[in-house]
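Student: Pasting in a structure now, in structure tokens, and then I'll have a few things to ask.
Just so it is clear, none of the values below were taken in a lab; they were calculated from the coordinates. The structure presented is a predicted model; accordingly, all values stated were derived computationally and were not measured. Neighbour counts run over all protein chains shown; Cβ positions are idealised from the backbone, glycine included.
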Amino acid sequence: MSQPREPSSTKLVIRFLFHDPEVQELALRRLAELFGPLDFVSAPGPFPYTSYYDAEMGVGLLRQTASFVDLVAPDFLPEIKLQTNEIEKRLSCDGKRQVNIDPGILSEERFVLATGKNFTHRIYLRAGIYADLTLIYQKGGYRALPWTYPDYQEPEFLHFLGVMRKKLRFQRDGRLPL
């Protein structure tokens, strides 16, 4: 029989889409107010994968990734998503989002995104929020699954998660990165 145990803390990783650098800065500041200091922010890069957001947010969107110093309990993910949804609403203009914020949690075993949309591979958590198993750690790196979004399969992002995994282990356990 398995014995229930509390899960290890995880690293909060947020990816977001934006068009306007001023809105991006406001979003980053609010995220830091809510979740603590940032320990990494990537340079903005193009987001060429879909036109899904064009009508609402405009063309030429940029993608950026941020992570935070403070570790979070995995069961805090729904609250994080609800708070990032609120940031999106506050920064909206004429009912249209100016930033799309996708929070996820990184563990040694997996990367899980929070979403409000149900689908076959998503598990309901609470408060209208689902966990989307996006990547699994296997054979020395994070690996995509059949449903993983293309931008989460980028080699640069996967490398970043590998580095953040080492940092997570050090923060949590004091294990030096090897």
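Student: Evaluate E = 1/(1 + (r/R0)^6) for ALA32 and LYS139, where r is the Cβ-Cβ distance and R0 equals 35 Å; express this FRET efficiency to the nearest 0.05. Numbers along the way, then the final one.
Tutor: Working: r = 34 Å, r/R0 = 0.98.
Computed FRET efficiency for ALA32 and LYS139 comes out at 0.50.
Student: Is any residue of the stretch 24-63 close enough, with backbone N under 18 Å, to a label point placed 7 angstrom from the Cα of GLN153 along the Cα-Cβ axis, and if so, which?
Tutor: 47-52
Student: With springs only between Cα atoms under 10 Å apart, run a GNM on the chain and tell me which of THR148, THR50, THR65 wobbles the most.
Tutor: THR50
Student: Give me the distance in nm between label points sitting 7 Å out from Cα along the Cα-to-Cβ direction at ALA55 and GLU109, one decimal.
Tutor: 4.0
Student: Name all residues of the stretch 12-31 having a backbone nitrogen under 11 Å from the label point set 7 Å from the Cα of ALA43 along its Cα→Cβ direction, giving them as ranges.
Tutor: It comes to no residues whatsoever.
Student: Would you list, by chain and number, the lysines whose Cα falls below 22 Å from the Cα of LYS167, excluding same-chain residues fewer than 8 positions away?
Tutor: LYS11, LYS139
Student: Return the single residue from PRO155, PRO146, PRO74 with maximal mean-square fluctuation; model: Gaussian network over the chain, springs between Cα atoms under 10 Å.
Tutor: Residue with maximal mean-square fluctuation among PRO155, PRO146, PRO74: PRO146.
Student: If you take the beta carbon distance between GLU88 and VAL163 as r and set R0 to 30 Å, what does 1/(1 + (r/R0)^6) give as a FRET efficiency, to the nearest 0.05? Intermediate results must be reported in sequence, preceding the final value.
Tutor: On the way: r = 27 Å, r/R0 = 0.91.
E(calc), rounded to 0.05, equals 0.65.
Student: Return the long-range amide H neighbours of PHE40 (sequence gap of 5 or more, or a different chain), with a cut-off of under 5 Å between placed amide H atoms.
Tutor: Sorted by chain and number, the residues that satisfy this are SER67.
Student: Right, here's the next one. Which value, in debye to the nearest 20, gives the size of the charge dipole of the chain about its Cα centre, when Lys and Arg are +1 and Asp and Glu are -1 at the Cβ?
Tutor: Values: 23 positive and 22 negative charges, 124 e Å.
That gives the chain a dipole magnitude of about 600 debye.
Student: Given a 10 angstrom Cα cut-off, can you work out which residue in LYS81, LYS11, LYS96 is the most mobile in a GNM of the chain?
Tutor: Looking only at LYS81, LYS11, LYS96, the largest GNM fluctuation is found for LYS96.
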